[in-house]
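What follows is one structure encoded as structure tokens, with my remarks underneath.
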Amino acid sequence: MCGIIGYCSKNGKASQVIFEDLKRMEYRGYDSSGVAMISDGKLLVKKGVGKLEEVNRKYKLDKIPGSVGIGHTRWATHGGVTQINTHPHCDCRNEIAVIHNGIVDNYQELRKDLIKRKHRFLSETDTEVIPHMLEDEMKRGRSLEEAVMAVAPRLEGSYAFLAISTNEPGKVVGTRKGSPLVVGLGKNKAFAASDSMALAGQIDQLYMMGEGEIAVLTADKTVFFDSTGRPISKKATKPDAVWNDNNKEGYEYFMLKEIMEQPDTLLAATHQDKDVFTAVALDVLRADQIIVTACGSSRYAALVGRYLFSSVGKKFCEVVMASEFQYFAESVSRNTLVLAISQSGETLDVIDGVELARKAGARIVSIINRPQSLLGELSHNVLYLNCGPEIGVAATKSFLNQLAIFYLLAFSMVHSFDMAVDNIRKVSRQVARAIDWNNDVIAGITKEYHDKNDFYYIARGINFAIASEGALKLKEISYIHAEGMPAGELKHGTLSLIEEGTPVLVICPGDFTYKETLGNAIEAKARGARIIAVSDVNNEVYDHWIRIPRVHDLLYPMVSVVPLQLLAYHMATRRGRNPDMPRNLAKSVTVR
Ligand code: AGP
């Protein structure tokens with residue numbers, strides 16, 4: 001959450017570059033944004049509330065003169081969404097500016113202490129303590145990097161921050177603990193950013209910053225230090241070209257583009273190293289216990305994975321919500337395999353759990369989309385989704401590819417990786433049909449239901465998690481309350497909420513769950529529900545039939561989730577919402 005970018009150049013037009021790079025990180029937070037530049041020895045700061053383009057229209061962030069600067073796109077944690085709380089934040093003398101991603105847990109004590117020593121605070125943020133602390137250190141004659149080295153160990157919590165100072169105008173200094181930060185270098189230019197995607201096409205060398213490391217950037221030279229201040233040499237990696245591709249290709253929203261490209265991205269999920277899958281499958285089979293940890297959509301994919309492991313590999317695993325993982329830490333041992341699932345590879349709840357599990361000696365295997373992620377660094381083995389950048393906040397293609405990876409892994413447990421690859425390739429054509437058949441039909445259905453306040457999604461067995469995923473999609477982008485649950489649970493309480501006209505989404509493919517799920521749909525209908533069914537089999541009980549192709553039982557989740565993504569998308573746009581940037585949310589959740 002929050003995108004940070006620092007840039008050193010020689011051309012006096014750094015703010016244009018910073019603005020463009022911020023655009024590529026807007027998915028990390030979009031409630032406010034700002035830029036600070038050093039220009040003719042002065043600090044110029046412009047910032048405002050709203051989406052980046054709006055802020056730019058008003059404050060011309062991209063026209064601030066200067067060759068060195070920093071920029072921030074915010075997802076508020078401490079302090080409301082106001083101009084004053086927007087980053088960058090400055091010291092008392094307006095000589096130092098700081099941008100930050102993360103949370104300084106001990107900011108209240110630090111702030112009290114600074115106020116006692118006559119520092120003037122303008123905002124309610126945790127971040128603002130940092131420039132004031134740097135100010136104190138620089139007053140003692142320290143350079144900017146020495147000040148950062150002195151301040152960082154006193155900050156508790158997680159952070160990646162970048163600082164500039166008018167006393168050292170050619171420089172950006174950055175450090176991180178718990179939150180991501182990369183450094184990218186090109187000819188006569190240096191960048192530090194939350195995300196390598198922000199630097200797409202602009203750099204030749206990429207450096208992942210380790211915990212506590214400090215980077216000192218100038219246009220000509222960048223140097224690194226460890227947390228004790230010792231110079232270190234770091235190994236550069238080449239930036240991945242695929243991750244440079246992040247435009248909408250004519251679609252109005254990234255989400256729609258990402259839904260539509262799923263037949264192709266699903267194929268990319270099969271481009272895997274069979275040996276790696278075989279090795280991980282062996283890990284799964286050998287482990288005394290398997291704990292899968294993830295959040296949101298990734299956790300729903302894991303719930304489908306649990307069925308696949310059980311029915312194909314005959315191996316039971318527990319799926320634990322990553323934010324709850326710490327409360328089960330006592331049960332993790334050397335014989336535990338922790339499977340961590342995360343599109344971004346950055347979700348702090350997942351990282352926290354994995355760190356705990358590592359300490360207990362567990363083996364860690366991750367399923368990640370983003371290359372060069374913090375989670376990847378913590379894992380003994382990583383399986384990649386290969387679906388390319390996902391920009392829309394709602395997970396779509398990454399979810400589908402997570403299902404595919406679980407499918408490949410489950411069949412690797414029974415030495416059938418190749419067959420699984422063939423099946424997924426075939427199902428990718430069925431995903432294309434599910435889109436073709438339903439895009440217009442679903443847009444039509446939303447006409448009738450867009451003013452409803454509550455939706456219920458039901459399914460059974462391997463399809464139950466698809467009900468939950470469909471409900472999550474609807475609520476996060478259209479702001480309609482929705483609940484997904486096993487169809488059999490409806491009668492244990494929720495049925496009392498069903499009244500005349502309540503929409504109930506029934507995921508009811510013609511598989512081993514069909515009869516019982518249909519029975520539950522009939523019970524809901526008897527209480528006045530409007531039944532919208534996702535199925536390959538029509539039935540008179542349905543008020544609307546969203547037709548999916550017939551596939552093998554274990555593959556239905558891959559085809560039935562797609563119409564639910566379309567339903568959420570059309571509902572959101574019909575209600576005038578921007579599905580790419582739903583309120584209060586961000587793509588990478590790097591806070592607890
Ligand atoms: C899904 O649409 C969400 N935006 C969200 O639930 C997401 O899946 C969750 O935050 C986990 O993210 P990750 O996969 O990057 O860890």
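Bear in mind these aren't lab numbers, they're just calculated from the coordinates by the rules spelled out. Note that the coordinates shown come from a computational prediction; the quantities given were computed from them, not determined experimentally. Heads up, the Cβs are rebuilt from the backbone with ideal geometry, glycines too, and the neighbour counts pull from every protein chain shown.
What the table below lists for this structure:
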| item | result |
| --- | --- |
| Given charges at Cβ of Lys, Arg, Asp, Glu: the chain dipole, positive-most of PHE325, PRO557, ILE38 | ILE38 |
| Helical contribution to [θ] at 222 nm, DSSP H n ≥ 4, -39,500 (n - 2.57), averaged over the chain, rounded to 500 | -11000 deg cm²/dmol |
| Filtered GluC sites (Glu not before Pro), the range 501-592: DSSP coil and at most 16 other beta carbons within 10 Å | GLU540 |
| Alpha-carbon Debye profile of the range 134-289, log10 I(q)/I(0) at 0.13, 0.16, 0.20 Å⁻¹ | -0.79, -0.96, -1.17 |
| Cubic angstrom per residue, convex hull over Cα atoms of the range 254-574 | 118 Å³ |
| Nearby aspartates and glutamates by direct alpha-carbon distance to LYS47 (threshold 14 angstrom, same-chain neighbours under 8 apart not counted) | ASP31, ASP62 |
| Calculated FRET efficiency for the pair ASP440/SER227, C-beta based, R₀ 60 Å, to 0.05 | 0.60 |
| Relative contact order of the range 254-574, defined on C-alpha pairs under 8 angstrom at six or more residues apart (%) | 19 percent |
| For the range 21-82 and the range 521-592, distance of Cα centres in Å | 37 Å |
| About the Cα centre, charge dipole magnitude for the chain (Lys/Arg +1, Asp/Glu -1 at Cβ), debye | 1080 debye |
| D_trans [Stokes-Einstein, Kirkwood Rh over alpha-carbon pairs] for the range 3-244, 25 °C, 0.890 mPa s, µm² s⁻¹ | 142 µm²/s |
| Cross-link pairs beyond the 22 Å C-alpha cut-off, checked among LYS10/LYS139; LYS447/LYS525; LYS257/LYS587; LYS447/LYS515; LYS13/LYS187 | LYS10/LYS139; LYS447/LYS515 |
| Segment THR166-ARG93, length gained on full extension (0.36 nm per residue, minus Cα span) | 25.2 nm |
| Helical segments meeting 24 Å axial Cα length and Kyte-Doolittle -0.5 threshold in the chain (DSSP H) | 417-449, 556-574 |
| Global geometry of the range 114-203, whether rounded, prolate or oblate, following the gyration tensor of its Cα atoms and the 1.5 cut on a/c | prolate |
| Simple spin-label estimate for HIS78 and ASP422 in nanometres, 7 Å along Cα-Cβ | 5.9 nm |
| Size of charge dipole - the range 254-574 - debye, nearest 20, with Cβ of Lys, Arg +1 and Asp, Glu -1, no other charges | 440 debye |
| Alpha-carbon spread of the chain, three principal axes, descending order, Å | 78, 51, 43 |
| Förster radius 22 Å - calculated FRET efficiency between VAL414 and ARG550 (Cβ-Cβ, nearest 0.05) | 0.40 |
| Hypothetical label at HIS380: residues of the range 299-342 whose amide nitrogen lies under 15 Å (7 Å Cα-Cβ projection) | 332-340 |
| Net charge of neighbours whose Cβ lies under 9 Å from the Cβ of LEU52, counting Lys and Arg as +1 and Asp and Glu as -1 | -1 |
| Cα-based shape type of the range 411-490, given that a ≥ b ≥ c are square roots of the gyration tensor eigenvalues and the cut on a/c is 1.5 | oblate |
| Dipole axis of the chain (+1 Lys, Arg; -1 Asp, Glu on Cβ), positive-most option in ILE351, THR517, GLY493 | ILE351 |
| Contact order relative to length of the chain, as percent, for alpha carbon pairs under 8 angstrom and 6 or more apart | 12 percent |
